[in-house]
Amino acid sequence: MNVAVAKKETGRALSDSFAIARDRLPGSGKVAEARSAAFAAFDRVGLPNRRIEDWKYTDLRALLREVLPPAPAPDAAALSRAAEAVRLRAIKGVRRLVLVDGVFAAKLSELGGLEKGLAVRTLRDVLEAGDAALQAQLLAPDNSNPMVALNSAMMTDGVVVEIADGVVLKQPLHVVHVASGTAPTARFTRSLLRLGKAAGATLVESYIAADGARAYQVHDSLLVTIGDHSRLDHVRLVEDSDDAANICSVVVTLGARAHLNTFGMASGAAVSRYQATIAFAGEHSRVETNGVNLLNGRQHADTTMVMDHAVPNCASREVFRAVVDDRAHSVFQGRIIVRPHAQKTDAKMMTRALLLSDEAEADNKPELEIFADDVTCGHGATTGALDESLLFYLRARGLSEKEAQALLIQAFVGEAIESIVSDELRELVVAAARRWLEARQ
């Protein structure tokens with residue numbers, strides 16, 4: 001009885017928040033109608049719980065309890081705190097696009113001198129300008145996932161990037177999500193990246209907190225379309241504050257002979273979930289996706305991926321690593337779907353977890369759904385502890401226990417990190433991993 005009442009009160013509070021925020025959210029007409037329909041879809045289910053199979057290990061009703069009200073637009077003080085956070089995480093040689101508390105911050109972004117064939121707009125501008133084609137794409141995600149539906153209803157801002165046919169960007173795009181407010185609030189963002197034919201780009205996403213930002217929530221989504229003969233390299237780093245929540249949804253569609261190479265690492269946030277659906281829409285395309293969870297304390301991080309092979313002659317590789325310390329909990333759910341016409345599919349998935357304490361937990365759930373008969377598919381999952389003989393060997397050569405563990409942990413996650421093509425971005429990820437290791441020591 002108490003649980004039912006709590007759910008009812010939480011739902012009412014969120015409905016009130018949506019009713020209050022609706023008038024200041026961008027877009028009218030069909031956009032507003034789509035928002036209302038999406039919120040109704042979310043409201044029917046509410047925060048997902050363990051009774052929903054895809055959320056079996058990540059019960060948001062227990063982990064989040066409620067969805068916080070939307071953050072207000074950042075004021076001058078918030079922008080100043082965000083600027084300092086961005087400076088500390090600056091990357092050389094990239095084009096920076098900054099979102100502060102869910103709002104695009106033009107003064108902190110680099111919009112001058114765009115390469116020919118590159119167009120950058122804000123989500124707010126697209127939703128308010130009446131671009132029907134782009135609006136339809138931005139509102140296309142399936143609302144059967146309650147957190148995607150919530151994002152559709154509440155999205156405030158984001159970046160919309162279009163790369164013309166034949167354009168290969170020389171500069172990586174760096175989208176920085178900064179939480180700067182000191183009150184517990186939520187940020188709702190949605191971005192879109194569309195690559196034309198024979199195009200190429202590198203996208204980096206960072207989730208960081210300014211000094212004083214605590215107990216906030218990030219609700220983000222990214223929609224990606226990769227044209228025929230195009231390539232996207234994607235790196236994402238979650239380094240939110242240790243009491244934040246980060247829920248991200250990604251939908252990727254690949255054309256013919258397209259190539260996606262993606263890497264993600266979660267080392268921040270108390271609760272995080274990265275859910276991605278990658279759909280093969282053209283033949284002879286390839287996806288390489290790699291991920292790492294570095295967790296300690298009572299952190300909970302969930303990576304859920306669906307690889308949807310709908311056409312023949314495509315390949316996918318998934319490599320995931322988790323290092324779990326203290327009472328943290330890592331989840332990996334990977335599903336490879338091979339549809340009836342997707343003959344000659346080559347798909348493999350491997351997940352490994354390293355437990356550093358007796359109370360650490362890792363749940364790995366690889367799945368294959370194969371409806372074609374001429375395929376090469378496989379998956380594997382392992383969980384274990386650090387090799388005691390290797391630890392003894394390293395300690396015998398003068399290393400402390402923590403130093404020896406750090407060296408073995410770096411070797412364990414190295415295979416996934418090595419998938420990053422750019423030396424500079426690989427060093428960025430290594431630096432983030434070192435920060436986690438140093439904090440652990």
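The values are calculated or read from the model by the stated rules, or taken from the named source; none is laboratory data. Here the structure is a predicted model, which means the values were calculated and not measured. Cβ placement follows ideal geometry from the backbone for every residue including glycine, while neighbour counts extend to all protein chains displayed.
Structure values in brief
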quantity	calculated
Members of region 192-220 that are closer than 19 Å to residue 239 by Cα, of a type outside the set (A, V, I, L, M) and modelled with pLDDT of 95 or more	205, 206, 207, 216, 217, 219, 220
Residue pairs meeting the criteria (Cβ under 7 Å; at least 6 apart or on separate chains; first farther than 23 Å from residue 342 by Cα and of a type in the set (D, E, K, R), in region 252-280; second in a loop (DSSP other than H, G, I, E, B) and at pLDDT 95 or above)	273/58
Count - residues of region 187-224 that are surrounded by fewer than 24 Cβ atoms within 10 Å (Cβ to Cβ) and among the basic types (Lys, Arg)	3
Residues located in region 37-53, provided they are part of a helix (DSSP H, G or I) and either buried (at least 16 other Cβ atoms within 10 Å of the Cβ) or small (Gly, Ala, Ser) (or both)	37, 38, 39, 40, 41, 42, 43, 45
Complete set of residues in region 193-239 that are part of a strand (DSSP E or B) and small (Gly, Ala, Ser)	200, 201, 206, 209, 221
Near pairs, Cβ below 6 angstrom, 6+ apart or cross-chain, from region 15-36 (over 16 Å from residue 125 (Cβ atoms) and in a helix (DSSP H, G or I)) to any residue that is among the aliphatic types (A, V, I, L, M) and at pLDDT 80 or above	34/139; 35/153
Output for region 371-381, where each listed residue is in contact with a Ser or Thr (Cβ under 8 Å, 6 or more places away or on another chain) and either surrounded by fewer than 17 Cβ atoms within 10 Å (Cβ to Cβ) or of a type in the set (Val, Ile, Thr) (or both)	372, 375, 376, 380
